[in-house]
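> Please read through the structure below; I'll follow up with questions.
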Amino acid sequence: MTIFLGLGIAGIVLLALSLIFGGILEGLFDGVLDGLFDGLLSLPVIAGFISMLGFGGAIVLGSTGAGTFVATVIGVTAGLVAAWLTWKLSKALMRDQTDATPRGSDLIGTSGSVVTAIPAEGYGEVLLRLGGQPVKYSAKSAAPVARGTEIWVEEALSTTSVSVRPVER
């Protein structure tokens, strides 16, 4: 039973190390193994197999009167199931795509409101929505704009400032 528990703990340690030092092992070999650690032979899959082999075998050995051979067979089966599930889950997570990161140019043509009045010469502040989130930007305008006025963004001057004009209704 000690060997099975040792394998289970070793698998957990291997999983923790693979999560902490993710790409270092692949980087050390730099193409020599060319994809060996991808897919079915990735470190998380191997760690899942070893952990379930160890813990599954220990559970069978400790809770039944079955011998070491039966515990090993059940542990290997549990390890294969865990490895396959880990592989499928990691493939699904790697396919997950995120939305494009919003840029300042995405602000052009959006509406917002003036938070701090914009003088004729200088900057005020406007509240805009970028990626669905309210964001405050420094703003300048050709004409003075009062606080609370609805504005349109004409140009993104920098990552934190825009040029605006009041909305005419």
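> Top to bottom by accessible area (1.4 Å), largest first, where do R129, R165 land? Don't jump to the answer; show the numbers that get you there.
On the way: R129 150, R165 100 Å².
Greatest to least solvent exposure: R129, R165.
> Sort T68, T116 by heavy-atom solvent-accessible area, probe 1.4 angstrom, most to least. Write down the numbers at each step before the final one.
Values: T68 85, T116 65 Å².
These residues rank, largest area first, as T68, T116.
> Further question on the same structure: In what sequence, largest accessible area first, do R103, R147 appear using a 1.4 Å probe? Intermediate results must be reported in sequence, preceding the final value.
Values: R103 160, R147 180 Å².
Descending accessible area places them as R147, R103.
> Given 0.36 nm per residue, what is the gain on full extension from F21 to R103 after removing their alpha carbon distance, in nm? Spell out each step's value before the answer.
Working: separation 82, 0.36 × 82 = 29.52 nm, distance 3.19 nm.
This chain segment gains 26.3 nm when fully extended.
> Let me ask something else. Would you report the distance distribution of C-alpha pairs in the range 45-143 as whole percents per 10 angstrom bin, up to the bin with the largest distance?
So the P(r) values, bin by bin, are 14, 22, 12, 9, 11, 13, 12, 6, 2.
> Considering only protein heavy atoms and a probe of 1.4 Å, how much of the accessible area of the range 82-169 is carbon and sulfur, as a whole percent?
Numbers: 3210 of 6020 Å².
Within the range 82-169, the accessible surface is 53 percent carbon and sulfur.
> Can you give me the solvent accessible area of S42 with a 1.4 Å probe, rounded to the nearest 10 Å²?
Surface open to solvent at S42 totals about 20 Å².
> Residue by residue through the range 113-118, which ³J(HN,Hα) values in whole Hz follow from phi under the Karplus form 6.51 cos²θ - 1.76 cosθ + 1.60 (θ = phi - 60°), with glycine and proline marked x?
Values per residue, Gly and Pro as x: 9, 7, 9, 10, 3, 9 Hz.
> Something else about it: Under the rule of at least 5 residues apart or a separate chain, name every residue whose amide H is placed under 5 Å from the amide H of T110.
Close amide H contacts, sequence-distant or interchain: V153.
> Per residue, how many Å² of accessible area does the chain show with a 1.4 Å probe?
Value returned for the chain: 65 Å² of accessible area per residue.
> Rg and Dmax in Å for the chain, alpha carbons only: what are they?
Reported Rg and Dmax, both Å: 29.3, 88.
The values are calculated or read from the model by the stated rules, or taken from the named source; none is laboratory data. Since we're looking at a predicted model, the values are computed, not measured. Just so you know, the surface numbers come from the protein's heavy atoms only, side chains and all, with ligands and any DNA or RNA stripped out. Shrake-Rupley method; radii C 1.70, N 1.55, O 1.52, S 1.80 Å.
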